[in-house]
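Have a look at the structure below before the remarks.
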Amino acid sequence: MPECLKKYDSAPTKGRTLDYAAGVYDVLSPLMTFGQEKRIGKIAVELLDLKGCEKIIDIGCGTGSLTIDMAEKLSPAKGGQIIGIDAAAKMIALAQKKAYGIGQAKFCISAAEHLEYSDETFDCAISTFFFHHIDFELKLQALNEIWRTLKNNGKVVIVDVDTPTNIFGKICAWSGYVLFQQQEIKENIEGKLRDAIVQSRFGQFELISSHMGYVSIFALQKKA
Ligand SMILES: C[S@@+](CC[C@H](N)C(=O)[O-])C[C@H]1O[C@@H](n2cnc3c(N)ncnc32)[C@H](O)[C@@H]1O
């Protein structure tokens, strides 16, 4: 897997990057998911059915907590490696600090819509709570980039805000939109993430489960 070039600036993107929140992200993010992010992340990782030898990409990895948890399931001796990418330089700097000494976890400043990896580099991909940070056009581009860099039959698991399934979910999802004034959250609530997956080269998704009425886990697969 190619090493990430040394970069210090955030990647240009119209996505909502979180440089400004890097220092408080690990404290605030559990509040947004009522402390459920670890449990949901565990379900998402289990779906990838890791053997330890995989090359994995974590898209919009933030401060790298899930990336590091996954790295611990990989065996560097068998070639297992995970790379977390995020467009925000400060998020990546923190992730690198947290992963100090874990050689199979690498981090790179990169926009999801322009991945700097060759075709068919990764066995699988994961993305948690990232797609509500980019608009429909970037969702489509990012999904097609994931498709391009995945090997045939490679699996992807996406966890994100989705069409609410109950009143509690509706209140949480719409409150997030109002609080952050983030159009991209509204898109997800309206089902635009699902639309983007269907319009991307993946063409379809499997809805695995819904959590708290506003977070869904999707499984995708690259079929040649
Ligand atoms: C809510 S955080 C999710 C972080 C992590 N995956 C988690 O589950 O905690 C969303 C991340 O997406 C990043 N981001 C926004 N636009 C991006 C883009 N175009 N490409 C890559 N990352 C982007 C932000 O900087 C932020 O770190």
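The values are calculated or read from the model by the stated rules, or taken from the named source; none is laboratory data. If you're wondering where the values come from, they're calculated on a predicted model, not measured in any experiment. Heads up, the Cβs are rebuilt from the backbone with ideal geometry, glycines too, and the neighbour counts pull from every protein chain shown. Accessible surface is based on the protein model in full, side chains and every heavy atom, while ligands, DNA and RNA are left aside. Shrake-Rupley method; radii C 1.70, N 1.55, O 1.52, S 1.80 Å.
Points worth noting:
- Selection within the range 146-186 - open to solvent by less than 30 Å² (accessible area, probe 1.4 Å) and of a type in the set (D, E, K, R): Asp160, Asp162, Glu184
- Residue match in the range 175-189 (condition: under 24 Å from Ile43 (Cα atoms) and at pLDDT below 95): yes
- Hits in the range 112-138 - residues which are modelled with pLDDT under 95 and on the phi > 0 side of the Ramachandran plot: none
- Leu143 being touching a residue at least 40 places away in the same chain (Cβ under 8 Å), crowded, with 23+ Cβ neighbours inside 10 Å and more than 14 Å from the ligand (Cβ to nearest atom): no
- Residue satisfying condition, being open to solvent by 20 Å² or more (accessible area, probe 1.4 Å) and either among the aromatic types (Phe, Trp, Tyr) or in contact with a Lys or Arg (Cβ under 6 Å, 6 or more places away or on another chain) (or both), within set Gln81, Gln104: Gln81
- Among the helices (runs of 4 or more DSSP H) confined to the range 23-119, the ones with at least 2 residues that are touching a residue at least 60 places away in the same chain (Cβ under 8 Å), near the ligand (Cβ under 10 Å from one of its atoms) and within 17 Å of Tyr8 (Cα to Cα) are located at 89-98.
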